[in-house]
Amino acid sequence: MLPLTPPTTVTSSTAYVNTVQVTVSGAGSAWTITIRSKEATPKILYSATAAVGSFTPVNVQIPIGLVSGIDIVTAGTTPGTADIWITYAQ
């Protein structure tokens, strides 16, 4: 397993998430995607082993608050390819 990549920061301010769409075109090998808050003890919004396809793991009427912002972290043996769309307000 490779170590966690440096997080990709979506925003560093508190965000209220409405939707998350993940589209994986190359799953890599044992590649995981985690979307989390930037708190000292992060709240995990989404975490899964990547599989080819399109997923909407979050689609809510009442937004989910992530304090201190949003990070996307990946890990695994071989990196894959994914597009991630996050709809949020601040």
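The values are calculated or read from the model by the stated rules, or taken from the named source; none is laboratory data. This is a predicted model, so every value here is computed, not measured. Cβ sites come from the backbone with ideal geometry, for glycine too, and all protein chains shown count toward neighbours. Ligands, DNA and RNA are stripped out before the accessible areas are found, and what is left, the full protein with its side chains, is counted by its heavy atoms. Shrake-Rupley method; radii C 1.70, N 1.55, O 1.52, S 1.80 Å.
Can you give the accessible area of Val10, probe radius 1.4 Å, in Å² rounded to 10?
The value for Val10 is about 50 Å².
How would Asp71, Asp83 rank on accessible area, largest to smallest, probe 1.4 Å?
Working: Asp71 10, Asp83 80 Å².
Order by accessible area, largest first: Asp83, Asp71.
Each label point is 7 Å from the Cα along the Cα-to-Cβ direction; what then is the distance between the points at Thr19 and Trp85, in nm?
Roughly 0.6 nm, to one decimal.
Given a 1.4 angstrom probe, I'd like the percentage of the accessible area of the chain that is carbon and sulfur, rounded to a whole number. Don't jump to the answer; show the numbers that get you there.
Values: 2760 of 4970 Å².
Whole-percent figure for carbon plus sulfur exposure: 56.
Can you figure out the FRET efficiency of Thr11 with Thr49, using R₀ = 41 Å and their beta-carbon distance, to the nearest 0.05? Provide the component values of the computation, followed by the final result.
Values: r = 25 Å, r/R0 = 0.62.
The value I calculate is 0.95.
³J(HN,Hα) across the range 27-36 via Karplus (A = 6.51, B = -1.76, C = 1.60, θ = phi - 60°), whole Hz, x for Gly/Pro?
6, x, 10, 6, 8, 10, 10, 10, 10, 8
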